[in-house]
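Structure first, commentary second.
Values in this text are rule-based calculations from the coordinates and carry no lab data. Keep in mind that what you see is a predicted model, and the values were worked out from it rather than measured. We place every Cβ from the backbone using ideal geometry, glycine too, and count neighbours over all the protein chains shown.
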Amino acid sequence: MTRPTTARSLALVMTTALAAAALAVPAHAHHRSSGSPLPAVTPRAETPVLHDDDAGGNADADDPAIWRNAAAPGRSLVIATAKEGGLRVYDLDARPVQSIAAPPAAGPDDAPGRFNNVDLVHGLRLSTGRADLAVTSDRGHDRLRFYRIDRDRTGGPLTDVTDPAAPPVFSRDQAEINDQRTAYGLATWTDRATGKSFALVSQRERTSITLLELLPAAGGKVTYRTVRTLDLPSTFRLPDGTSWTPCGEPGELPQVEGMVVDPADGTLYAGQEDIGIWRLRADLTGTPELVDTVREYGVPGVYDEETEECAPGADPGYGGTRISADVEGLTLLTESDGDGYLLASSQGDDTFAAYDREVGDDNEYEGGFRVAAAHSALDGSEECDGAAALNAPLGSKFPRGLLVVQDGHDSPADGDRAATNFKFVDLGTVLDALDD
């Protein structure tokens, strides 16, 4: 797919402005913490383990979304990605409700479907009427896929309503798709001023974020069109005047995955994994600002081809103190009075950071927490990829709302098999921990 001229022009214009913006690390990023341990919350339930191997269908838990059933909140659903394992749907007891396979490869030598991130759109106008949708980024095919949500549908609540003619997001042809610099992170947004719905999609191994307008197609299907694309910086000017680029595999740029949009004001928060959290307009106009940086910001590194790892150099002390790379799993915890928190997964130290939702308060850091083991058979969350919070009553199971977090290392382990799943946490315990 060829991007519109407006998208290319915007990317070029933004390069100089973003380079300057990268100099302005927020003041609170350098505040030293008291050293007190973060409070711990424990999960109430966990989904069945997924295994990223042939026997497990190459299923790898990644990103969740919470769909609230307004008519019967206790029958709400958690919809989550499992990469090559497709989509999983769970009830509030974390029991499987439906499993949807990722699409097969286009050809014998092509990349298979791989669902990376998922988000929801409520009341999108289709040719057959309004519907709630689950939207997922299919990294394998460089496309978005759409699933209509009907809680009581025979055969499962999700139905594929993707327009077969939906174009690749970033790639021009199948060869580029197979290179897998494709659709990666995902956040949805409905513009309250126009009523139009959008998806913001990041590109794997690149700094690009693109804005796609979601559109109805014939037969109740859904497609999209590119509105504009923005490129975040890959190189940063440090306070000592030197330039720094985070270490990575040759040819890779510091990518974005975790993203969320505040529906109240159309603010997009984007986690550039090795850099920090950006705040920008969801329509991708204006100049992005760094809310916070990872501890590793500014640390030089050398990539070792043999070990496929980066050997870090001396830390010059320019990084933040709240989050450790990778920063992922961004989600909003909203409150009825307009307050609330931006939550971010700090993968490097298995914690979660909370920032004030108010842009007027410069998204000030408000505290953090860990998701720790409830008991020997119900562990916590490590190296969390994705998270979703919903501050609304969900029946008797979660009357104070729900936080769902991915666990990158479920235990007890089954030998050497990679094991992942999702933990369900009472959101009230998170609010209590942050308010203490």
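Using the Cα gyration tensor of segment 146-213, with a ≥ b ≥ c the square roots of its eigenvalues, what is the shape: rounded (a/c below 1.5), prolate (a/b larger than b/c) or oblate (neither)? Mind dumping the intermediate values first?
Numbers: a/c = 2.36, a/b = 1.38, b/c = 1.71.
Because a/c hits 1.5 or more and a/b fails to exceed b/c, segment 146-213 counts as oblate.
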The answer for G276, listing residues at least 5 apart or on another chain whose modeled amide H is closer than 5 Å to its amide H, is V294
Under 5 Å, built H, 5+ apart or other chain: amide partners of R44: F424, V425, D426
Karplus couplings for segment 301-318 from phi (6.51 cos²θ - 1.76 cosθ + 1.60, θ = phi - 60°), rounded to Hz, Gly and Pro as x? x, 10, 7, 9, 4, 6, 8, 6, 10, 9, 8, x, x, 5, 7, x, x, 9
Here the gain from full extension of V359 to H122, 0.36 nm per residue of separation minus their alpha-carbon distance, amounts to 82.9 nm
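What is the calculated FRET efficiency for S99 to T242, with r their C-beta to C-beta distance and R₀ = 56 Å, to the nearest 0.05? Don't jump to the answer; show the numbers that get you there.
Working: r = 50 Å, r/R0 = 0.89.
Calculated transfer efficiency: 0.65.
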Could you pull the Cα extents of segment 284-373 along its three principal axes, largest to smallest, in whole Å? 53, 41, 24
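Between T285 and E382, what is 0.36 nm times their sequence separation minus the Cα-Cα distance? Round to one decimal in nm.
Details: separation 97, 0.36 × 97 = 34.92 nm, distance 3.51 nm.
Full extension from T285 to E382 adds 31.4 nm.
Compute the length gained on full extension between E335 and Q174: take 0.36 nm times their separation in residues and subtract their Cα-Cα distance, giving the result in nm to one decimal.
Details: separation 161, 0.36 × 161 = 57.96 nm, distance 4.43 nm.
Length difference between fully extended and current span is 53.5 nm.
What FRET efficiency, computed as 1/(1 + (r/R0)^6) with R0 = 45 Å and r the Cβ-Cβ distance, is obtained for T154 and A55, rounded to the nearest 0.05? Walk me through the numbers on the way to the answer.
Details: r = 30 Å, r/R0 = 0.67.
E(calc), rounded to 0.05, equals 0.90.
Pick out, in residue order, every one of the trypsin sites (Lys or Arg not before Pro) in segment 182-227 that is DSSP loop and has at most 16 other C-beta atoms within 10 Å; say none if there are none. Could the numbers behind the result be given before it?
Details: sites: R192, K196, R204, R206, K221, R225; in loops: R192, K196, R204, R206, K221.
Here the trypsin sites (Lys or Arg not before Pro) that fit, given the DSSP loop and packing criteria, are R192, K196.
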For V227, which sequence-distant residues (separation of 5 or more, or a different chain) have an amide H within less than 5 Å of its own amide H, given hydrogens modelled in the peptide plane? L211, L212, E213
Looking only at aspartates and glutamates whose Cα falls under 12 Å of K221's and that sit 8 or more positions away or on another chain, we get D160, D163
List the aspartates and glutamates whose alpha-carbon lies under 16 Å from that of K397, not counting same-chain residues fewer than 8 positions away? E46, D91, D93, D426
Going by Cα centres, segment 374-391 and segment 285-299 are how many Å apart? 26 Å
For segment 219-265, what is the convex hull volume of its Cα atoms per residue in Å³? 198 Å³
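Summing -39500 (n - 2.57) over the DSSP H runs of n ≥ 4 in the chain and dividing by its residue number, what mean residue ellipticity at 222 nm do you reach, to the nearest 500 deg cm²/dmol?
Values: 3 runs with 32 residues, N = 436.
Roughly -2000 deg cm²/dmol at 222 nm, from the helical runs in the chain.
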Applying 1/(1 + (r/R0)^6) with R0 = 30 Å to the Cβ-Cβ distance of A165 and A70, what FRET efficiency is obtained, to the nearest 0.05? 0.40
Global geometry of the chain, whether rounded, prolate or oblate, following the gyration tensor of its Cα atoms and the 1.5 cut on a/c: rounded
Unit charges at the beta carbon, dipole of the chain: most positive-side option, W189, A82, A131: A131
